[in-house]
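The values are calculated or read from the model by the stated rules, or taken from the named source; none is laboratory data. Just so we're clear, the structure is a prediction, and the values are computed from it rather than from any experiment. All Cβ positions, glycine included, derive from the backbone under ideal geometry; neighbour counts span all protein chains shown. When the accessible area is computed, the model is the full protein with side chains, heavy atoms only, and any ligands, DNA or RNA have been set aside. Shrake-Rupley method; radii C 1.70, N 1.55, O 1.52, S 1.80 Å.
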Amino acid sequence: MTNREVRLGKDEGKLKRKEYEDLLDPLEEELVGMARWARVTGQRIVVLFEGRDTAGKGGAIRAVSERLNPRQCRIVALSKPTEAEQTQWYFQRYVAHLPSEGEIVLFDRSWYNRAGVERVMGYADEAQVDAFLDQTPVFEKMLVDDGILLFKYWLTTDQANQEERLRERLGDPLKRWKLSPIDLAARHKYAAYTQARAAMLRATHTDHAPWTLVDFNDQKRGRLTLIRDLLDRLPDTRCEPDPIEFPELGTEPLVEDYSVLQPIAPYPIAG
């Protein structure tokens, strides 16, 4: 049986939305518990989301963060470096976004841009890439030795699914903004990205900061797999919430009073 035939068999079993939501619900409760544990214990958590264009990084990040306090859980999605940033130490602009005590930071792409898109698309030369691959294990050991919990995920997807998702972006006005010239140019560099990833894994898959590859050909199943893995790799995060008393109000609830300005008209709904 070919890889394609195996993949087609998997695709037939893709999760339906209702099934996915039912499976996600208890994981979301565990994620909220994780965040409470991080706040109480002062843990600092960093999760990197890497992968090919259309792999599903944004959806995975939303699945992790949707129920968490945005003041505690930050999403970092940096644009291309400014002229000033291009003259800095490569890791410098990423260091500025690392978590403080009790925070969780989710990187939508990270310093690994240099080993992936910058290398494949020619934005970094081989000397810069080689220096990055040499320095990254040292940089990440500094983070881990300082107490940061670092998790690195690479989301995988076959080219057929990538093509389908790109066409969907092209035809959907709500997703068209996701389609960039770089995405279109990368269509013909699928194999080059595979080679770049292999080189990256050989250099940066370490005992102190290992990589985890997650199959995202079925994005819903991929999100569940990633979240379950993340939660399972944390220590015991059971941490009971602080008790909160909620006494009776003691009076009749009041109705909004508009003595200065009235609300605008409600959105019209037919029928």
For this session: Confirm whether HIS208 is of a type outside the set (Ser, Thr, Tyr), farther than 22 Å from LEU230 by Cα and open to solvent by 50 Å² or more (accessible area, probe 1.4 Å).
Result: no
For this session: Give me a count of the residues in the range 177-190 that are touching a residue at least 60 places away in the same chain (Cβ under 8 Å), closer than 19 Å to ASP108 by Cβ and surrounded by fewer than 15 Cβ atoms within 10 Å (Cβ to Cβ).
Result: 1
Exercise. Hey, among the residues in the range 55-66 that are touching a Leu at 6+ places or on another chain (Cβ under 6 Å) and assigned to a loop (DSSP other than H, G, I, E, B), which one's most open to solvent (accessible area, probe 1.4 Å)?
Worked result: GLY56
For this session: Kindly indicate which of LEU174, LEU230, LEU213, LEU170 is among the hydrophobic types (A, V, I, L, M, F, W, C), within 30 Å of ASP146 (Cβ to Cβ) and open to solvent by 70 Å² or more (accessible area, probe 1.4 Å).
Result: LEU213
Exercise. Just checking, which of GLU248, GLU240 is open to solvent by 100 Å² or more (accessible area, probe 1.4 Å), over 19 Å from GLY116 (Cβ atoms) and at pLDDT below 90?
Worked result: GLU240
Exercise. In the range 67-96, what residues are within 18 Å of PHE139 (Cα to Cα), open to solvent by less than 60 Å² (accessible area, probe 1.4 Å) and not in a helix (DSSP H, G or I)?
Worked result: TYR90, PHE91
For this session: Name every residue in the range 162-187 that is polar (S, T, N, Q) and either touching a strand residue (DSSP E or B) at 6+ places or on another chain (Cβ under 6 Å) or in a helix (DSSP H, G or I) (or both), in order of residue number.
Result: GLN162
Exercise. Across the range 140-167, which residue is farthest from TRP211 (Cα to Cα) among those that are among the charged types (D, E, K, R) and open to solvent by 60 Å² or more (accessible area, probe 1.4 Å)?
Worked result: ARG167
